[in-house]
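**Student:** Once you've had a glance at the structure underneath, I'll fire off some questions.
The values are calculated or read from the model by the stated rules, or taken from the named source; none is laboratory data. Not measured: the values here are computed from a predicted model. Heads up, the Cβs are rebuilt from the backbone with ideal geometry, glycines too, and the neighbour counts pull from every protein chain shown. Note: areas computed on protein heavy atoms with side chains; ligands, DNA, RNA excluded. Shrake-Rupley method; radii C 1.70, N 1.55, O 1.52, S 1.80 Å.
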Amino acid sequence: MSAPTATADAAPMNRRQTLEALSGLLLVLFVAMLSSTVVSTALPKIIGALNGSQTQYTWVVTATLLTATATTPIWGKLADLFNKKLLIQVAIVVFLAGSVAAGFAHSAGQLIAARAFQGIGVGGLQALVQVAIAAMIPPRERGRYNGYLGGVMALATVGGPLLGGLIVDTSWLGWRWCFFVGVPVAVVALLLLQVTLHLPTVRRDNVKIDYLGATLIAAGVSLLLVWISFVDDSFAWLSWQTGAMVGGSVLLLALAVLVESRAAEPVVPLEIVRERTTALAILGSLAVGMAMFGGAVFLGQYFQIGRGYSPTEAGLLTIPMMAGVLLSSIVAGRLITASGKIKPYIVAGSIILVAGFALLGTIDHETSLVLVGAAMFIVGVGVGMTMQNLVLAVQNTVSLKDIGAASSTVAFFRSLGGTIGVSVLGAVLARRVTDRITHDLAAAGIPTSGGSGGSTLNLAALPEPVQNIVRAAYGDATGHIFLISAGIAVVGILAALLLKPVTLRSSLDLPDTARSVAVAADAVDGAPAFDEVAVDLTGPGERARR
């Protein structure tokens, strides 16, 4: 591996400089999250207007998650090799292009394709924001700033559904503005980052990018997710299509592991993945991603189709979950910074997440909104205490030069879990809804025509008796997928319990790594080790001495 040819780190930023740079990064994070949440309550109307089906409804979400998942580790590795600021700006431009294309879509297929391209930018943003923050703020102090991340997450997740509902309920705007609305925000973020974000670049000689490994990972993951989305609908579990897709995915991923083990600059460094904390954080992130993304994405559909509320009302009804995310992330972040302990909060959050989904698993189309709101608040608290802290636990174990690969690896598996969760739970929901509608239509003496009543989300085109049956089917089936989410989230508890109880470090880099970098720098200059270089080893104000 090539050695750095320039100083590996700059002097620690003061609080004002950190907050100024953080403002642009948080706005970027807001834009990325808004792209998903702004359509959550609007999606039933969007798919209805495009005459889409339940499968296409799921794929509008899955397409973005799929490409974001496949590209996240690539963006993260590039951040370890090239200028982080430039990469963030490139990701924003890709995101902008995808947003504009989605806004001009004239069919569900075009919308899915545009969302897939948009996901490439989202994958970059969700990885690179974490990397940039890790390059500015030591792990111990990062707990405090996680509160800001939680605030942005809550604002985007609460404001997104409200904004999306308001847009589709406003006749002179229309659903296309759900995609156009993020464009000016992204442009502002692009300009703000140009002014405020100043990160040092570690330049290396003879940099090698693992194109083959990146291609194999993306192809293997994508093929697996395509199979998950279509199995038991377009073809049977035991079929030649299943054999070809699953076998092909396993082969591609096995080849990827072989390539990564031999690559000079692997996209996903295996020595990092094999480390205990990283491996457990990956397992926990998979479970949290499957449960959180897979369950929460259907809440807007539950309130609108299952309960008959407007998109704006559905957005308002999701506020309890986001309040839980905001409150728990701020409180837990400050407690982590004060104590340096992170495991107790991850364990508690994992348990709370399971409890919240178990309570949501009891809902149907007539459940009290007070109970639904309480359950969503509990889920939000669990998400706020686990999601960012799992990434923080991994960042604490790796050196600064590997922070991009480590952070993006956890984000990759969380996004992978979310994509699998949306696909699997969407398929389960579609099957249960179709079976329930077919049964109820037959019981009511209403003739069915190929199950069309269950395949379309354009309820306005259905007779009122059929509308009532469809609403009841969606309302009752949603509780079932939340129960599945609770079962998946139990894996997160087990992973959290097995984490090592460590105290977060107060330096940007690992002490041993920082010392070796300083020695190398002095050797290059021809000076004795540590004569001229001051390296922060343990905390603010404590410097390595001669």
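**Student:** Farther than 20 Å from I378 by Cα, assigned to a helix (DSSP H, G or I), out of contact with any Pro (no Cβ under 8 Å at 6 or more places or on another chain) and of a type in the set (S, T, Y) - does that describe any residue in region 346-353?
**Tutor:** Initial filter on region 346-353 (farther than 20 Å from I378 by Cα): none.
The answer is no, given that none of the residues of region 346-353 is farther than 20 Å from I378 by Cα, assigned to a helix (DSSP H, G or I), out of contact with any Pro (no Cβ under 8 Å at 6 or more places or on another chain) and of a type in the set (S, T, Y).
**Student:** Just checking, does region 366-384 include any residue being over 16 Å from V268 (Cβ atoms) and polar (S, T, N, Q)?
**Tutor:** Within region 366-384, one or more residues are over 16 Å from V268 (Cβ atoms) and polar (S, T, N, Q).
**Student:** Specify the residue that is surrounded by the most Cβ atoms within 10 Å (Cβ to Cβ); the eligible residues are those in region 260-276 that are of a type outside the set (D, E, K, R) and farther than 18 Å from F412 by Cα.
**Tutor:** A263
**Student:** Since S408 meets every condition but one in (1) more than 30 Å from L270 (Cβ to Cβ); (2) modelled with pLDDT under 80, which condition does it not meet?
**Tutor:** Exception for S408: condition (1).
**Student:** Can you find a residue in region 410-428 that is in contact (Cβ under 8 Å) with a residue 12 or more places away in the chain, touching a Pro at 6+ places or on another chain (Cβ under 6 Å) and not in a helix (DSSP H, G or I)?
**Tutor:** At the first step, the residues of region 410-428 found to be in contact (Cβ under 8 Å) with a residue 12 or more places away in the chain are 410-428.
Filter again for touching a Pro at 6+ places or on another chain (Cβ under 6 Å), leaving 412.
Filter once more, so that each one left must be not in a helix (DSSP H, G or I): none.
Scanning region 410-428 turns up no residue that is in contact (Cβ under 8 Å) with a residue 12 or more places away in the chain, touching a Pro at 6+ places or on another chain (Cβ under 6 Å) and not in a helix (DSSP H, G or I).
**Student:** Of the residues L353, L317, L359, L327, which single one is closer than 18 Å to G475 by Cα and within 23 Å of the chain's Cα centre (by Cα)?
**Tutor:** Criteria check complete, one pass: L317.
**Student:** For region 457-487, give me the residue count where each residue is over 28 Å from the mean Cα position of the chain (by Cα) and either at pLDDT 85 or above or surrounded by 14 or more Cβ atoms within 10 Å (Cβ to Cβ) (or both).
**Tutor:** Residues of region 457-487 that are over 28 Å from the mean Cα position of the chain (by Cα), as a first pass: 458-473.
Those still in the list that are either at pLDDT 85 or above or surrounded by 14 or more Cβ atoms within 10 Å (Cβ to Cβ) (or both) too: 458-459, 462, 466-473.
So the answer is 11.
**Student:** Could you tell me which of the residues T386, T367, T397, T362 is polar (S, T, N, Q), open to solvent by 20 Å² or more (accessible area, probe 1.4 Å), within 25 Å of V490 (Cα to Cα) and at pLDDT 85 or above?
**Tutor:** Among T386, T367, T397, T362, only T362 is polar (S, T, N, Q), open to solvent by 20 Å² or more (accessible area, probe 1.4 Å), within 25 Å of V490 (Cα to Cα) and at pLDDT 85 or above.
**Student:** For region 324-341, enumerate the residues that are open to solvent by 60 Å² or more (accessible area, probe 1.4 Å) and out of contact with any strand residue (DSSP E or B) (no Cβ under 7 Å at 6 or more places or on another chain).
**Tutor:** Matches in region 324-341: L326, L327, I330, V331, R334, L335, A338.
**Student:** Count, please, the residues in region 308-345 that happen to be closer than 16 Å to A393 by Cα and outside any helix (DSSP H, G or I). Outline the logic, then answer.
**Tutor:** Within region 308-345, the first condition is being closer than 16 Å to A393 by Cα, and the residues that meet it are 329, 332-345.
Next, from what is left, pick out any that are outside any helix (DSSP H, G or I): 340-342.
Final tally of qualifying residues: 3.
**Student:** Before we move on, is A97 at negative phi and open to solvent by less than 10 Å² (accessible area, probe 1.4 Å)?
**Tutor:** Details: at negative phi: yes; open to solvent by less than 10 Å² (accessible area, probe 1.4 Å): no.
Judged against the criteria, A97 is not a match.
**Student:** Moving on to the next point. From the list A105, A114, A132, A63, pick out the single residue that is open to solvent by less than 20 Å² (accessible area, probe 1.4 Å), modelled with pLDDT of 80 or more and not in a helix (DSSP H, G or I).
**Tutor:** Going through A105, A114, A132, A63 in turn, the sole match is A105.
**Student:** Step by step: first the residues of region 346-359, then only those that are open to solvent by 10 Å² or more (accessible area, probe 1.4 Å) and among the β-branched types (V, I, T), then the one that is nearest to A486 (Cα to Cα). Which residue is that?
**Tutor:** Pass one, region 346-359, residues open to solvent by 10 Å² or more (accessible area, probe 1.4 Å): 347-348, 351-352, 354-355, 358-359.
Next, only the ones that are among the β-branched types (V, I, T) stay: 347, 351-352, 354.
Numbers: V347: 15, I351: 10, I352: 10, V354: 5 Å.
If we take residues in region 346-359 being open to solvent by 10 Å² or more (accessible area, probe 1.4 Å) and among the β-branched types (V, I, T), then V354 is nearest to A486 (Cα to Cα).
**Student:** Quickly run through region 166-184 and pick out the residues that are open to solvent by less than 40 Å² (accessible area, probe 1.4 Å) and either touching a His at 6+ places or on another chain (Cβ under 8 Å) or not in a loop (DSSP other than H, G, I, E, B) (or both).
**Tutor:** Across region 166-184, the qualifying residues are I167, V168, C178, F179, F180, G182, V183.
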